[in-house]
Amino acid sequence: MTMRKKLLMGNEAIGLGALRAGVSMVCGYPGTPSSEVLETIAGERAEGVYVEWSVNEKSAMEVGAGAAIAGARALVTMKQVGLNVASDPLMSLNYVGVKGGMVVMTADDPGPISSQTEQDTRHFGRYAKLAVFDPSSPEEAYTMIADAFECSEKIGRPVLFRPTTRVCHSYASVAMLDPMPRATAEGFKKDGGRWVIFPRLACANHIKIEEGLTTLADEFSDYRGNELYGGGSRRGVASGGVSWSYVREALSGSDTECKLLKVATVPFPARLGEKFIEGLESILVVEELDPVIESELISLRGKLGAKVEIRGKLSGDMPNAGENTPGDVRNAVFRFLGKDAKAAVRPSESALKLPARPPVLCAGCPHRASFYAVKEATKGRKAVFSGDIGCYTLGNAMPLDMVDTCLCMGAGITMAQGLHRVEPDTVNFAFIGDSTFFHTGIPGVLNAVYNGADIIVSVLDNSTTAMTGGQPHPGTGVTATGRVTRKADIYGVLSALGADDIQRVDAFDLSASKFAVKRAMSLPGVKAIIFSGECAALSRGKKNGSCSIDTDKCAGCAVCVKNLGCPALAMENGHASIDEAACAGCGVCGQLCGFGAIA
Amino acid sequence: MNAELTNCLIVGVGGQGTILASRLMGGAAMSVGLDVRGSETIGMAQRGGSVASHVRMGRDIHSPMISPGEADVILAFEPCEGLRAMAWLKIGGMIIVCDRAVQPFSSGGAVGYDAAEVMARIVSAADRVRVLSGEYIGEKCGMRHLNIAVLGAAAACGVLPFSTADMEMAISGRFAGRIADMNKNALRTGAEMIKN
Ligand code: SF4
Ligand code: SF4
């Protein structure tokens, strides 16, 4: 029998693996590198599987918790910083417990490649006293997600499933397995105080949690994801996650004797760890983010009174920030084993300084127009621009230079209030995208209204969650599965919150936008401007052609090129030129031109 | 070492279609019975930043990423990104590069780099190099299909573990109708550029 193999991205493997394991409730909030898990499941349209993009991670966690205490298998997806938002329900849910298996898929981002922090969810698991599964490849993720569901159901508590970017966004030929028999959710059973978190029960539950973790630490020593290889050698390498694949790669084809330990779980598989340490003189630990495996081995060494030397992040042998690369891991492993680390690398090119290529807002991005309009309208005023999380963080770059602060989802609106209290003579703008507004922007506006703040909330409404690939949200009127639903109206929300003045403008109309900004600056209180303009990634394809330069009229002043930073615009032979393949035809540059040269 | 392994690094600018190229390549490699492992750049860099797709085809592959000095083939959709990736090219490896520059952006306009100079560096540094004319590709199938044209050229060079026909099959498996035709046309354009 030939096994059916499919080329899957790690996140697709996780999604299909969860379906195979009989998940029937899936909810999450988009965040790189986690988003494709939920999208994969939504795309499968599997019968009896409910999928939603929730408005934020906390909501997703609670929707999932409700389903899980009613006996359903629930998957909740988010990125690592999303777990911060959802940590309140998760910490408590561990005390209350679940009935159906509940897996919280939290993608970490060493590097970070698309995140604000390099936090380690394995560490979060230790803090929250939750089991964590840490896959090393798409294939392993495909089967491990089912193990995670089974574990959760067995211990009656939620578990974390923590892939990293290089697992989520790598792909592999994955052997497809038959679906597992699905148990139907038996529904919620009222049970006195069983599902109610009370202080008096918390201590009793805490004791049970600790007992459970001790049992798991033992059971995980026999878990297939935790592996021990080789013997006899005095040197050993311990690793986990994608770094494990780098270690394997470095040692493949090598005849060096070396004991290997792969750790894929929190709690640490103590019995297996003891077998690993036995007879070793030195250990190298290769892992990303926090030294979780390393510190477990150190405490095990203490417990055993062993003499083994342990090298890793804590000893300064491995970097304590940034992601591992296969090349760096090979060098570290070879150095540790006393082998020649020289690879056949071509001599590096003579120093021709290549320009960096930072990401930019797309050609035709409505945010570019809004930033430019606000910049023009605030000229001569002392103004601070608080940004938020999304494509519009890129408005920080020159020539726009319109994002002065960015902290976390929803923080722009609230930070602007704090900034303004210290410097009341400043005009404080908060830029926030539509999806972020619904995520955590709303309480910030309410806070401003309640406490009488003086800020201008600029909602950059492009009708999608652009940065993460264009997911729908409450303002789009469509759900994760494409069902048409009631559309949340940002204007109506702002008005219900009590904003003092609300304007809505076409983001691509510079003069109307500037006028709105000037008006808002002349008024006291909480002012809001909704800049509406479709994301260029959505309008591409249905666009109204591209613009072009009339070179006879163009005076070569470069005003359009210098001020907008649109990637479709450049100077060529003394006049502006538009790359027609890239141009979205938004017409914004034409509004800057004083010579009517762009149409 | 793994003799039957082919490591291909695809580099370009976010938006040029490296992900589709790597997926099609992976599909073609699987259709001839190989295992595939690789990794993509997904996230902020897709908005016009530097992007790279790693594609590894063969057996018993562990790492999803190629290390410097280990790429058998580099497909560069853009000169500057091609030169940036040169440290990945294996001694004796081949780089296929499109000569049309996409100038990076910063403070108020393009930070121009000299594309001719960059191309000259690539040609002198690589053991085996094929330069594809961006102008010709643009004329024949439009720059939007540059990714597929470069794939066609690579398949025709014989540096990938499958044929141009396998590539066509991979396209048929993914697209239908007019879109499939446009992609196949681009594939053939790239292949012909090598033969002529
Ligand atoms: S119309 Fe002008 S500003 Fe808009 S995308 Fe085209 S070149 Fe860029
Ligand atoms: S994806 Fe949309 S919102 Fe993001 S930069 Fe492009 S046009 Fe702007």
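See the values below:
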quantity: Helices (runs of 4 or more DSSP H) fully within the stretch A:92-178 counting 3 or more residues that are modelled with pLDDT of 95 or more and farther than 28 Å from residue B:35 by Cα; calculated: A:121-128, A:138-155
quantity: Any hit, the stretch B:67-76, residues being under 26 Å from residue B:187 (Cβ atoms) and at the interface with another protein chain (Cβ under 10 Å from one of its Cβ atoms); calculated: no
quantity: Qualifying residue in the stretch A:511-532 (condition: within 16 Å of ligand 1 (Cβ to nearest atom), over 31 Å from the mean Cα position of the chain (by Cα) and not assigned by TED's automatic domain parsing to the domain that holds residue A:58); calculated: yes
quantity: Selected residue [within 19 Å of residue A:58 (Cα to Cα), among the acidic types (Asp, Glu), in the same structural domain as residue A:517 (by TED's automatic domain parsing) and away from ligand 1 (no atom under 16 Å from the Cβ)] from A:404, A:434, A:425; calculated: A:434
quantity: Pairs, first over 30 Å from residue A:451 (Cβ atoms) in the stretch A:520-541, second surrounded by fewer than 16 Cβ atoms within 10 Å (Cβ to Cβ), C-beta under 7 Å, six or more apart; calculated: A:533/A:506
quantity: Strands (runs of 3 or more DSSP E) enclosed by the stretch A:247-332 - at least 3 residues per element that are more than 14 Å from chain B (Cβ to nearest Cβ), without any contact (Cβ under 8 Å) to a residue 40 or more places away in the chain and more than 18 Å from residue A:118 (Cα to Cα); calculated: A:309-311
quantity: Residue in the stretch A:565-572 that is among the hydrophobic types (A, V, I, L, M, F, W, C) and either out of contact with any strand residue (DSSP E or B) (no Cβ under 8 Å at 6 or more places or on another chain) or assigned by TED's automatic domain parsing to the domain that holds residue A:417 (or both) present; calculated: yes
quantity: Flag for residue B:169 being free of Cβ contacts under 8 Å to residues at least 60 places away in the same chain and either in a helix (DSSP H, G or I) or more than 18 Å from residue B:72 (Cβ to Cβ) (or both); calculated: no
quantity: In the stretch B:42-65, the residues that are within 8 Å of chain A (Cβ to nearest Cβ) and more than 20 Å from residue A:174 (Cβ to Cβ); calculated: B:43, B:44, B:45, B:46, B:47, B:48, B:49, B:50
quantity: Per-region count, the stretch B:131-146, residues buried (at least 21 other Cβ atoms within 10 Å of the Cβ) and closer than 17 Å to residue B:94 by Cα; calculated: 1
quantity: Pairs with Cβ under 8 Å, 6+ apart, first in the stretch A:1-29 and within 17 Å of residue B:26 (Cβ to Cβ) and in contact (Cβ under 8 Å) with a residue 60 or more places away in the chain, second polar (S, T, N, Q) and crowded, with 23+ Cβ neighbours inside 10 Å; calculated: A:9/A:170; A:10/A:137; A:10/A:170; A:11/A:34; A:11/A:35
quantity: Flag if residue A:452 is within 14 Å of chain B (Cβ to nearest Cβ) and either part of a loop (DSSP other than H, G, I, E, B) or away from ligand 2 (no atom under 16 Å from the Cβ) (or both); calculated: no
quantity: Flag if residue A:557 is within 13 Å of ligand 1 (Cβ to nearest atom), touching a residue at least 24 places away in the same chain (Cβ under 8 Å) and not assigned by TED's automatic domain parsing to the domain that holds residue A:465; calculated: no
quantity: Output for the stretch B:65-93, where each listed residue is hydrophobic (A, V, I, L, M, F, W, C) and out of contact with any strand residue (DSSP E or B) (no Cβ under 6 Å at 6 or more places or on another chain); calculated: B:80, B:83, B:86, B:87, B:91
quantity: Count - residues of the stretch B:69-88 that are out of contact with any Ser or Thr (no Cβ under 8 Å at 6 or more places or on another chain), without any contact (Cβ under 8 Å) to a residue 60 or more places away in the chain and either of a type in the set (A, V, I, L, M) or surrounded by fewer than 21 Cβ atoms within 10 Å (Cβ to Cβ) (or both); calculated: 3
quantity: Top-ranked residue of the stretch A:364-410 - restricted to ones that are in a helix (DSSP H, G or I) and aliphatic (A, V, I, L, M), ranked as farthest from the chain's Cα centre (by Cα); calculated: A:377
quantity: Answer residue from the stretch B:10-28, given it is among the hydrophobic types (A, V, I, L, M, F, W, C) and more than 9 Å from chain A (Cβ to nearest Cβ) and is farthest from residue A:359 (Cα to Cα) among those; calculated: B:28
quantity: Residue match in the stretch B:80-102 (condition: closer than 21 Å to residue B:146 by Cα, assigned to a loop (DSSP other than H, G, I, E, B), facing chain A (nearest Cβ under 8 Å) and modelled with pLDDT under 95); calculated: no
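Condition check ((1) within 14 Å of another protein chain (Cβ to nearest Cβ); (2) in contact (Cβ under 8 Å) with a residue 60 or more places away in the chain; (3) within 11 Å of residue B:28 (Cβ to Cβ)) across all residues:
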residue	(1), (2), (3)
B:134	yes, no, no
B:138	yes, no, no
B:148	no, yes, no
B:151	no, yes, yes
B:160	no, yes, yes
B:179	yes, no, no
B:183	no, no, no
B:188	no, no, no
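The values are calculated or read from the model by the stated rules, or taken from the named source; none is laboratory data. Keep in mind the model is a prediction, meaning the values are calculated, not measured. Every residue, glycine as well, gets a Cβ built from its backbone with ideal geometry; the counts of neighbours run over all protein chains shown.
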